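Every read-out reported here was derived from the displayed coordinates using simple, explicitly stated rules and does not represent laboratory data. This structure is a prediction, so every number in the text was calculated from the model and none was measured. Because the Cβ atoms are built from the backbone with ideal geometry, glycine has one as well, and the counts that use them run over all protein chains shown.
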Amino acid sequence: MATKAAAVLLTVPGPDGDREVRLTSPDKIYFPEPGITKREVVEYYLAVVDPLLRVLRERPTNLKRYPDGVEGEPFYSKRLPKGAPAYTETARVTFPSGRTADSLCPTEPAVLLWAANMGTFDFHPWPVRRADTDRPDELRIDLDPQPGTDFADARAVAAVLREVLDEAGLVGWPKTSGGRGIHVFCRIRPEWDFVDVRHAVIALARRVCERLPDAATVDWWKEERGERIFLDYNQAARDRTIASAWSVRGRPRATVSMPVTWDDLPDVEPEDFDVRTVPGIYAERGDPHAEMDAHAGGIETALEWYAADPRGEMPYPPEYPKMAGEPMRVQPSRARNPQPGQ
């Protein structure tokens, strides 16, 4: 009978000296296809803990946990899990329903290793800091390939998005999603609420679609998107989060959501970046997004574009309360062909 591997103690620098983080079941297989163990995932996070903490520091963060590995059923921890170490800190967030929660707020490296030992693959930070959880300091655009499209199509759309961001006075920082998509983040001044930031994303996305009508779409209803890249503006809505840079994704090959430069983007593929390759890439090249905080911009121009557009508001996700100015949340085919009795 195989014996269970003993727990391992990892030494992690802390604000007042080293901390020890306990790694349990280190030989448990998390990714069967490449044979990646829990130890490898946790050690991956130890290798990239500095740039990851730079991404997550002071942000309320949801944990997407896979305690049984990639083939098990994942779940989100939106509240600080029970049994968290005394050094973990929280930030209070308000959901669209009005309910509140105390979410994990990373402030030091040991927190991230503890979360990884809890089965966390990807970290999903809110686009806000703890000092003001109602005003985002990060504008995020998710380029989501639809059936019939792939990463190469997302790259082409991202190039036009970069042009539009430049016209709006914003600096975009691209990263692979870990799958077929691309995420582009912009640092902004925390002067606007979630509604304003979402409107800015809608305006930016519409401009991209006007230039690439056959390649990009903002249509919320899947039946209208076709074989185009969907610019998911609702990822800017309150309580919607995107996997952070450096996060391991729940995919068979243990790919990583990797920050890249605009110059690198045309030549990379999502499969270039995984738990085993990224530590070496980071050691050699450093963090391509290290200077993001130095480029905070404003969304005034994008909001002017939104205000001048007669199309106005767009649908929110179905779990949200009815929002001001929002059109009906009914898919177009149902609206055109009402069911009997309607």
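Observations, loosely collected:
- Neighbour-count order for 220, 262, 246, fewest beta carbons within 10 angstrom listed first: 262, 220, 246
- Residues with amide H under 5 Å from that of residue 228, placed H, sequence gap 5 or more: 146
- When the chain is treated as a Gaussian network with alpha carbon springs shorter than 10 Å, the biggest mean-square fluctuation among 116, 159, 245 belongs to 159.
- Subset of 38/64; 38/175; 82/175; 175/322; 222/322 violating a 23 Å alpha-carbon distance limit: 38/175; 82/175; 175/322
- Centroid-to-centroid separation of region 41-72 and region 311-331 [C-alpha atoms, Å]: 33
- Ratio Rg/Rh [Cα only; Rh per Kirkwood] for region 8-133: 0.97
- Region 8-133: relative contact order as a whole-number percent, Cα under 8 Å and 6+ apart: 30
- Percent of beta bridges antiparallel (DSSP, region 8-133, rounded to nearest 5): 100
- Pairs of Cα atoms farther than 22 Å apart, region 161-320, %: 47
- Based on C-alpha pairs under 8 angstrom that are at least 6 apart in sequence, region 96-249 has a relative contact order of 31 percent.
- Value of relative contact order over the chain, rounded to a whole percent, pairs C-alpha under 8 Å and six or more apart: 17
- Among complete DSSP H helices in the chain, those whose alpha-carbon atoms stretch at least 18 Å along the helix's long axis and whose mean Kyte-Doolittle hydropathy reaches -0.5 are 151-167, 194-211.
- For the chain, size of Cβ-based charge dipole, Lys and Arg +1, Asp and Glu -1, in debye: 1220
- Per residue, the convex hull spanned by the Cα atoms of the chain measures out at 169 cubic angstrom.
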